[in-house]
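The structure appears below as structure tokens.
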Amino acid sequence: MNEQPPLPKLNRSLVYVWVAALAAVTAFAAVYVTMGGPDNQAPPVDRSASQSSEVNTRAHPLATGAMTTFVFKPQPEALPDIRFQNGNGAEMSLAGFKGKVVLLNVWATWCAPCREEMPDLDKLQAALGSDKFQVVALAVDKSGIDGAKKFLADIKTEKLEPFADPTAKEGLRLKVIGMPTTILIDAQGREIGRLIGPAKWDSPEAKKLIEAQL
């Protein structure tokens with residue numbers, strides 16, 4: 001009976017390295033799929049951006065154009081009553097906005113995409129802000145309310161009020177998995193849906209999305 005000669009030590013080492021690398025990649029992919037879209041009704045499978053957009057558009061008529069990636073909840077869902085600071089440094093909570101439709105934008109001073117979309121959020125507040133609607137830009141950032149104020153001043157916003165969570169923990173209670181994340185909240189304080197990543201919040205589609213809740 002012929003026996004196969006043992007692999008050289010060098011080759012064995014390479015085999016072990018490749019097996020370990022493959023296992024790491026597989027684990028990473030599993031985590032990415034799990035975290036990628038917790039509210040999507042479609043199965044968590046890999047899709048191109050266009051395919052994902054088509055699914056969401058069919059699911060809701062308002063998920064079009066600039067709002068294609070907005071993911072609606074099947075039914076409005078209760079949110080935790082997170083706590084944060086207002087521009088005066090006083091503590092308040094999300095419950096303080098009940099009675100208003102709120103577009104809650106969760107961001108951080110170090111987030112480049114947040115800086116990109118903030119001027120559009122400012123324009124949205126200027127166009128639709130009232131006693132029935134408000135954009136709440138909440139910085140979950142250890143620089144606190146002073147850091148949020150400086151950021152908004154640097155980019156020359158005019159209508160957005162500064163809000164900050166210096167503990168940077170309340171975003172976890174909201175299940176935010178990336179920044180910016182923007183959550184649409186009805187007048188009863190329930191989540192209508194959310195959009196992960198920057199968006200054109202001054203677009204006609206965004207305004208139509210808000211106006212549908214007013």
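The values are calculated or read from the model by the stated rules, or taken from the named source; none is laboratory data. Because the structure is predicted, anything quoted here is derived from the model rather than measured. Backbone-built Cβ (ideal geometry, glycine too); neighbour counts: all protein chains shown. We work out accessible area using only protein heavy atoms, side chains counted, and drop any ligands, DNA or RNA first. Shrake-Rupley method; radii C 1.70, N 1.55, O 1.52, S 1.80 Å.
Pairs exceeding 28 Å between alpha-carbon atoms, taken from LYS132/LYS156; LYS169/LYS207; LYS123/LYS149; LYS100/LYS208; LYS73/LYS150; LYS156/LYS200: LYS169/LYS207; LYS73/LYS150. Restriction of the trypsin sites (Lys or Arg not before Pro) in the range 95-124 to DSSP coil positions whose beta-carbon has at most 15 other beta-carbons within 10 angstrom yields LYS98. The dipole here belongs to the range 73-120: it is taken about the Cα centre, uses +1 on the Cβ of Lys and Arg and -1 on the Cβ of Asp and Glu, and is about 160 debye. Charges were assigned to the Cβ only: +1 to each Lys and Arg, -1 to each Asp and Glu. The resulting dipole of the range 77-158 about its Cα centre is roughly 120 debye.
Give me the accessible area per residue for the range 102-185, probe 1.4 Å, as a whole number in Å².
For the range 102-185, the solvent-accessible area averages 44 Å² per residue.
Near LYS142: Cβ cut-off under 14 Å, other residues only, Lys/Arg at +1 and Asp/Glu at -1. The net charge is -2.
With a 1.4 Å probe and every protein chain kept in, tell me what percent of the accessible surface of the range 59-214 is carbon plus sulfur. Answer for the range 59-214: carbon and sulfur cover 51 percent of the accessible area.
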